[in-house]
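One structure below.
The values are calculated or read from the model by the stated rules, or taken from the named source; none is laboratory data. Worth saying up front: this structure is predicted, and the values here are computed from it rather than measured. Positions of Cβ are backbone-derived with ideal geometry, glycine not excepted, and every protein chain shown enters the neighbour counts.
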Amino acid sequence: MLVSAVEWSMAQHEFSAQARENTGQPVRTCVGCRKRALAADLLRIVAREVRPEGWVAVPDPRRRLPGRGAWLHPDPSCLSLAEKRRAFGRALRVSGNLDTAALDLGIDQDPGCEPHPPQSSTSREELGKRTHEHTVKHQR
C-alpha cells in the first residue's frame with residue numbers, strides 16, 4: 001500500500017510539473033473538488049477579519065488582496081463541497097467563525113460560469129507574444 005501511495009504522489013507531482021511546463025502558468029488545487037487546475041481557471045478566496053466575531057471569506061477575482069488565499073472553481077457545487085468539508089477554515093488557516101455568505105452571492109450571480117472550465121487553450125507562442133508586448137510597452 002505504501003508503494004501505491006508513493007506512486008500516486010509522484011503522478012500528482014508529474015501532472016503539476018507537466019501542466020506548468022506546457023502552459024507556463026501556475027497550477028492550484030480547488031478546495032471544493034480537490035482537482036488541480038490552472039490558477040487562471042480558479043477563483044481566489046481570502047479571509048477578512050471582522051472585529052467582534054470572526055472572519056468573512058471574500059472572493060478576490062483580481063488576485064491582489066493581501067493574505068493567504070484558497071482556490072475554488074467558480075461553480076456552486078464546488079462551493080457547497082468546500083463548505084461541507086469545512087475546507088476554507090483549514091486552507092485559509094483561520095480559527096473561529098468563517099462566514100461564506102459573500103461567496104454564495106458572488107458565485108450565484110455569475111450565470112455564465114462553466115462548472116470546471118476546460119484547460120486554457122492559449123499556446124506557448126501566444127503567451128510569449130503577450131509577455132513580450134507587455135515588456136516592450138513598459139520599457140519606455
When every residue in the range 96-121 that is in contact with a Gly (Cβ under 9 Å, 6 or more places away or on another chain) and at pLDDT below 85 is compared, the one farthest from Val56 (Cα to Cα) is Gly96
Selection over the range 49-63 where residues are of a type in the set (Asp, Glu) and either in contact with a helix residue (DSSP H, G or I) (Cβ under 6 Å, 6 or more places away or on another chain) or closer than 21 Å to Val27 by Cβ (or both) yields a count of 1
By residue number, the members of the range 14-61 that are modelled with pLDDT under 75, under 17 Å from the mean Cα position of the chain (by Cα) and not polar (S, T, N, Q) are Phe15, Ala17, Ala19, Arg20
Condition set surrounded by fewer than 12 Cβ atoms within 10 Å (Cβ to Cβ) and in contact with a strand residue (DSSP E or B) (Cβ under 8 Å, 6 or more places away or on another chain), scope the range 64-93, selection nearest to Thr29 (Cα to Cα): answer is Arg68
Filtering strands (runs of 3 or more DSSP E) wholly in the range 30-109 for at least 2 residues that are of a type in the set (Lys, Arg) gives 43-50
